[in-house]
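See structure below.
Throughout, read-outs are computed from the coordinates displayed, never taken from laboratory work. Quick caveat, the model's predicted, so the values are computed rather than measured. Backbone-built Cβ (ideal geometry, glycine too); neighbour counts: all protein chains shown.
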Amino acid sequence: MKVIETVNELILNKELKPKNYPGAIHPKKIEQPTWLTGTILTILKDETISPKVIYASSKKLALHLHNRHVPLEAEDIKLKLQEVRSRLQIDDTKHLSNEELLQDPKAKALFRSLCYNWAPISYDKYTCLTYLVGRSVPEYTVLYRIFKEIVDNDKSFIPKTLFDFGSGIGTVMWSASQFWANSIKEYYCVDISSDIQKLSEYLITKATPAINPNYIFYRQFLPSTSIRTYDIVVSAYSLLELLNQKARIETIMKLWQKTEQYLVIVEPGTRVGYKIINEARDFILNYGSEIEGAHVFSPVSKILV
């Protein structure tokens, strides 16, 4: 990657501040969906859920998501077990297997303290509502800004089809409809949770601008074939839910194969999220290099939350 000569000169002369570098995004405040608050309150009333109680739950869930790490790989686990042996001064001459080692209470406790206890989140009905309360506005804001950047910098892009991996409560559809409501005729939404799909179906009936429900297709798994492509493919806050790096890379490859023009990948603005974005970016740059004109449109991560 080469720095533009004029920019490089300004950096060397200390005339360019980081916040003003070319390509920096200074987004204006985003107006939140006017229909959303009232809809959430109606749902909570119908479900006889206290707003105060679910708000507290949503803060806990948001904190958990923010602090999430990727699952440990097999090699990481091996290194952690070696550390346990070293710190407890386990006699290697006994040739204890890892299973036998972890039968020791001290070794097991130390191993657990060294390892991040990753587990998939089960999105049942209450967890879906908790997610809606805590994450709908931040996610909508991020996605709105991303789509606006595409609109501002690529006037010729008018998508007719959208593919949403890990579609959740539907924030991708809400934000995309602010720009392409008249052009998109198919929203293909993939999410393994049937409860969150039901919630998304209900929410979209309240969203503005209105989206024709006949344009929306819900599925629980990625299609087995990559023949069909979509103008814009989105994976928002979904890669951290996958079991390991192999699953993430395989998913990114499938999404890339389904991409006609834009592949949008969004993860939390944390160190872990940044790592996942770079992992996807590096894979696309290598795998996509075979396709003429394939490039990273906007690698700026400051707008991610």
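Simple spin-label estimate for residue 116 and residue 205 gives 3.9 nm between the two label positions (7 Å along the Cα-to-Cβ direction from each Cα).
Centroid-to-centroid, using Cα positions, segment 116-144 and segment 63-92 are 27 Å apart. As a proxy for reagent exposure, ranking 231, 195 by other Cβ atoms within 10 Å from fewest up yields 195, 231. Note on 188, 237, 215: ascending count of other Cβ atoms within 10 Å places them as 215, 188, 237, the fewest first. For segment 228-278, a crude dipole built from +1 on the beta carbon of Lys and Arg and -1 on the beta carbon of Asp and Glu, taken about the Cα centre, is about 180 debye to the nearest 20.
Extension gain, residue 156 to residue 192, is 9.6 nm, computed as 0.36 nm per intervening residue step minus the present C-alpha separation. The calculated pair-distance distribution of segment 74-114 uses every alpha carbon pair, bins of 10 angstrom beginning at 0, and gives 30, 63, 6 percent. Here's how it looks for residue 216: its modeled amide H is under 5 Å from those of 187, which are all 5 or more places away or on a different chain.
Restricting segment 173-252 to GluC sites (Glu not before Pro) that sit in a DSSP loop and have at most 16 other Cβ atoms within 10 Å of their own Cβ leaves nothing.
The modelled label-to-label distance between residue 69 and residue 222, using points 7 Å beyond Cα along the C-beta direction, is 2.6 nm. So what is the relative contact order for segment 31-151, in percent, with contacts set as C-alpha pairs under 8 Å and at least six apart? Computed value for segment 31-151: 43 percent relative contact order. When 115, 189 are arranged by Cβ crowding within 10 Å, least crowded first, meaning fewest neighbours, the order is 115, 189.
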